[in-house]
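A quick write-up on the structure given underneath.
The values are calculated or read from the model by the stated rules, or taken from the named source; none is laboratory data. Every value quoted in this text rests on a predicted model; they were computed, and no experiment measured them. Here Cβ is always computed from backbone atoms with ideal geometry, including for glycine, and neighbour counts include all displayed protein chains.
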Amino acid sequence: MPATILATGGFDILRDSNRKFARRLEAEGVALTFLSYPSLNHSFLQQSGVIEEADRAATDSAGLFGTAVRSRAALLASATP
């Protein structure tokens, strides 16, 4: 599995299964960033711009993803003959 960013809300219907999945990924040696936002529900990213913590969650996860993509692109560029 590739490095994974997993975000869940405290009122997310998938919260418990997300935590279980995160533990399994870690046990398998997958690089994992697990983000938990206790006051948010399942569709919290759709509420960014309206709910402050949802906005923070969107910014956090997008920032992590952007960093991962730029890092991977730099690795690929340096490996190109």
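Tabulated results
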{"item": "Filter pass, Ala73 being at pLDDT below 95 and surrounded by fewer than 12 Cβ atoms within 10 Å (Cβ to Cβ)", "result": "yes"}
{"item": "Close pairs (8 angstrom Cβ cut-off, 6 or more residues apart or separate chains): more than 10 Å from His42 (Cβ to Cβ) in the stretch 1-30, in a loop (DSSP other than H, G, I, E, B) and β-branched (Val, Ile, Thr) anywhere", "result": "Met1/Val30; Pro2/Val30; Ala3/Val30; Thr4/Val30"}
{"item": "Selected residue (criterion: surrounded by the most Cβ atoms within 10 Å (Cβ to Cβ)) from residues of the stretch 35-63 that are touching a residue at least 12 places away in the same chain (Cβ under 8 Å) and not in a helix (DSSP H, G or I)", "result": "Leu40"}
{"item": "Tally, over the stretch 20-32, of residues that are under 13 Å from Ala7 (Cβ atoms) and at pLDDT below 95", "result": "1"}
{"item": "Single residue of the stretch 19-34 satisfying the filter (surrounded by 13 or more Cβ atoms within 10 Å (Cβ to Cβ) and of a type in the set (A, V, I, L, M)) that is nearest to the chain's Cα centre (by Cα)", "result": "Leu32"}
